[in-house]
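Every number in this text was worked out from the coordinates using simple rules, so none of it is lab data. This structure is a prediction, so every number in the text was calculated from the model and none was measured. Cβ coordinates were reconstructed from backbone atoms using ideal geometry, including for glycine residues, and neighbour counts include every protein chain displayed.
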Amino acid sequence: MWKAVYEDGTFLPQYNEDNSTNKYPDINRSKLVCFIILKDGKVLLKMNLSKGQRLIYRKRIRKNSRTGVTDVTILVGWQMLIKGVSVKHIHLIFSDGSIETIPNWSGDRLYSSPNFMECEKLNG
Amino acid sequence: MTAEFSVMFDFGGSDGSPGTEQDISSLGPPNLRYKQADNATIDTNNPVPIPSSGTNYSYWKQVYLKCTTAPDTQVDNVKLYSDGTNSLSTGINFYVGDELPTKNSGSDTGYEICDSAVTMVSNHSGITAQTDVFSYTSGSSKTISISESGSIIDAVGETTNYIVLQMSVADTASTGDKTNEDLTYQYDEI
């Protein structure tokens, strides 16, 4: 699960104590300073964000058509414009708990770019 | 909530109105058998005969992903790929239609009943070309489109568009049951 931390110290968890759900688009990106990925109550990744860095988050699921076995990779990172150039920083959290950081999207299945939501797109 | 999907196979009925929507996870393994009949039965009936010359075809199959548990927000960026290696043996090819005929929670207009063992190219009204399934790999996957509202899946019952699959058998093939092949579906969820 994820947890969005705001500059005033408040936070928005993906799941509330009453098990109700907050949605990813509900995150107030104007106040966001930190995005945390947790598993079983423990922090897997804590990513701090600066002004202008647009949060990107996805669960990337692969499902075998025959066995039904599913594998989940979490993509979390940011992108921003620096002197008109798009700069990205992306972490992949694999199902075994290992983490890989990549500097840009590529064509490979796990490293390919998601379809960006409006709240993730860079302004011109 | 984590989204869940079933891999579905439509058959029977008539154009634009499939008779049966089969969840293939309850079948086999294998989950789909390419044969010269339009059904979901996993058996050895209706094999594709080896021609003395030219090519024979299986009946085409129209498959898709169907949402059985909705995501918190949305699913999109659906991809399909193989392991890149044709292990079906000499003379047997596995094709996917280049186009993705329309299928969604409100429409089956892309469904075309398969009632003969002919190539899907131009015989399926929604398919004008095909590509070797094994050319789609993890590094170069096939994009599977969604015609639900917003081109996303965010509710139970919503689907991807149809993926039309078919095998061909050339005169160089040998008889017998062939090695099972796996396909992988990938998607992004929020």
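What pairs from A:LYS3/A:LYS63; A:LYS42/A:LYS63; A:LYS63/B:LYS142; B:LYS61/B:LYS178; A:LYS63/B:LYS66; A:LYS31/A:LYS63 go past 24 Å between their alpha carbons? All intermediate terms of the calculation are to be shown ahead of the outcome.
On the way: A:LYS3/A:LYS63 26 Å; A:LYS42/A:LYS63 26 Å; A:LYS63/B:LYS142 15 Å; B:LYS61/B:LYS178 18 Å; A:LYS63/B:LYS66 13 Å; A:LYS31/A:LYS63 36 Å.
Table pairs above 24 Å Cα-Cα are A:LYS3/A:LYS63; A:LYS42/A:LYS63; A:LYS31/A:LYS63.
Using a simple charge model, +1 on the beta-carbon of Lys and Arg, -1 on the beta-carbon of Asp and Glu, nothing else, what dipole does chain A show about its Cα centre, in debye to the nearest 20?
Details: 19 positive and 12 negative charges, 77 e Å.
That gives a dipole near 380 debye.
Under the definition of partner shielding as Cβ atoms of other protein chains within 10 Å of a residue Cβ, what is the mean value for peptide A:50-62?
3
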Across all Cα atoms of the range B:43-99, Rg and the largest Cα-Cα distance (Dmax), in Å, are 16.9, 55
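Please state the relative contact order of chain B as a whole percent: Cα pairs under 8 Å, 6+ residues apart?
Values: 483 pairs, mean separation 61.6, N = 190.
Relative CO of chain B lands at 32 percent.
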So, with points 7 Å from each Cα along the Cβ direction, the B:ILE50-B:GLU4 label distance in nm works out to 4.3
Computed about the Cα centre, the charge dipole of the range B:138-186 from +1 Lys/Arg and -1 Asp/Glu charges at the Cβ has a magnitude in debye, to the nearest 20, of 120
Taking every other residue with Cβ under 15 Å from the Cβ of A:LEU122 and scoring Lys and Arg +1, Asp and Glu -1, one gets +4
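Quick check: residue separation of B:ASP177 and B:ASP15 times 0.36 nm, minus the Cα distance between them. What number comes out in nm? It would help to have the intermediate numbers written out before the result.
Values: separation 162, 0.36 × 162 = 58.32 nm, distance 3.07 nm.
My answer for the length gained is 55.3 nm.
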With A:VAL33 itself left out, Lys, Arg at +1 and Asp, Glu at -1 over residues whose Cβ is under 10 Å from its Cβ give 0
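How far, in nm, would the chain grow between A:SER20 and A:SER106 when pulled straight, counting 0.36 nm per residue and subtracting the alpha carbon separation? The partial results should precede the final answer.
Values: separation 86, 0.36 × 86 = 30.96 nm, distance 3.56 nm.
Separation in residues times 0.36 nm, less the Cα-Cα distance, equals 27.4 nm.
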Rounded to a whole number, the mean other protein chain Cβ count within 10 angstrom for residues of B:66-75 is 3
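Using the beta-carbon distance between A:LYS83 and B:THR90 and R0 = 51 Å, what value does 1/(1 + (r/R0)^6) give for FRET efficiency, to the nearest 0.05?
Numbers: r = 56 Å, r/R0 = 1.11.
Here the calculated transfer efficiency is 0.35.
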In debye to the nearest 20, the charge dipole size for the protein assembly as shown, taken about the Cα centre with +1 at each Lys and Arg Cβ and -1 at each Asp and Glu Cβ, equals 1220
Per-residue average of other protein chain Cβ atoms inside 10 Å, peptide B:110-117 -> 0
Charge dipole of chain A built from unit charges on the beta carbon (Lys, Arg +1; Asp, Glu -1), centred at mean Cα; most positive-end Cα among A:CYS119, A:TYR6, A:ILE102 is A:ILE102
Given the candidates A:GLY52, A:TYR15, A:SER65, the one whose Cα lies deepest towards the positive end of the charge dipole of chain A, counting +1 at each Lys or Arg C-beta and -1 at each Asp or Glu C-beta, is A:SER65
Normalised Cα Rg of chain B, dividing by 2.2 N^0.38 Å with N its residue count, works out at 1.01
Neighbours of B:VAL121 by Cβ distance under 14 Å: Lys/Arg at +1, Asp/Glu at -1, summed charge -4
extent check for the protein assembly as shown: Cα max minus min per principal axis, descending, whole Å, gives 75, 38, 35
Taking a crude spin-label model, label points 7 Å out from Cα along the C-beta direction, the B:SER151 to A:MET47 distance in nm is 2.3
Using alpha carbon centers only, the range B:81-131 is separated from the range A:47-93 by a whole-angstrom value of 32
